[in-house]
Amino acid sequence: MSVGRRGRRRQNDDTAELNITAFMNLMVILVPFLLITAVFSRLAILELNLPGSSTEPVEPQDQVFQLEVIVRADKIEVGDRNQGLLGIYPNLDDGYDFGAVGLKLAELKERYPDKTDASILLEQDIPYDTLVQIMDTVRVSVEIEVDDDDARTLVRSDLFPDISIGDAPVLAGGA
């Protein structure tokens, strides 16, 4: 019995050391490489609101300017929900005419400086990229001339930053 115990003792005394040098070398190289090649993305969140139903009856004294930008496959329409269309911008050879829409929106902002909300209404199958571009056009900051006691100054202002998104009304005739 004593011989067996000595043999077991000898096995317990000969524990192998764990060599982690190669693993540590790998980590020293791998961690900086992963940090350098990592893509850091910036997320921007834009709060959107759903527009109210345009079929609700509106009393004449409650009619205020309600900007609607309707994106169709062949044009962009800018209008007031209560008064109708204010401008139609057909597509150019290379796509939508965001520049002309931006000029019209800047003109509307000069007429309604306190207005901050707008509804963007899209037809079916309008690409997401087009939605992003029209949202940028509607929200963009512009410089507006303001008359202050015989002096004209430029004031930087957002156009319509409070954006609602919805479906465009169907054209009469199903087009």
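Nothing in this text is a laboratory measurement; each read-out follows from the coordinates by a stated rule. Remember, predicted model here, so these are calculated numbers, not experimental data. Quick reminder, even Gly has a Cβ in these numbers, built from the backbone with ideal geometry, and neighbours come from all protein chains shown.
Label-point separation (nm) for residue 17 and residue 125, each offset 7 Å from Cα along Cα-to-Cβ? Label-label distance for residue 17 and residue 125, simple model: 7.3 nm. Extending 7 Å from Cα along the Cβ direction at residue 27 and again at residue 112 yields two label points whose distance is 6.1 nm. Basic side chains Lys and Arg get +1 at the Cβ, acidic Asp and Glu get -1 at the Cβ, and with that the dipole of region 65-167 about its Cα centre reaches some 180 debye. Would you mind counting up the charge near residue 171? Only other residues with Cβ under 13 Å from its Cβ, with Lys and Arg at +1 and Asp and Glu at -1. My count for the surroundings of residue 171 gives -2. The residues neighbouring residue 70, those whose beta-carbon lies less than 12 Å from its own, together hold a net charge of -3 under the Lys/Arg +1, Asp/Glu -1 convention.
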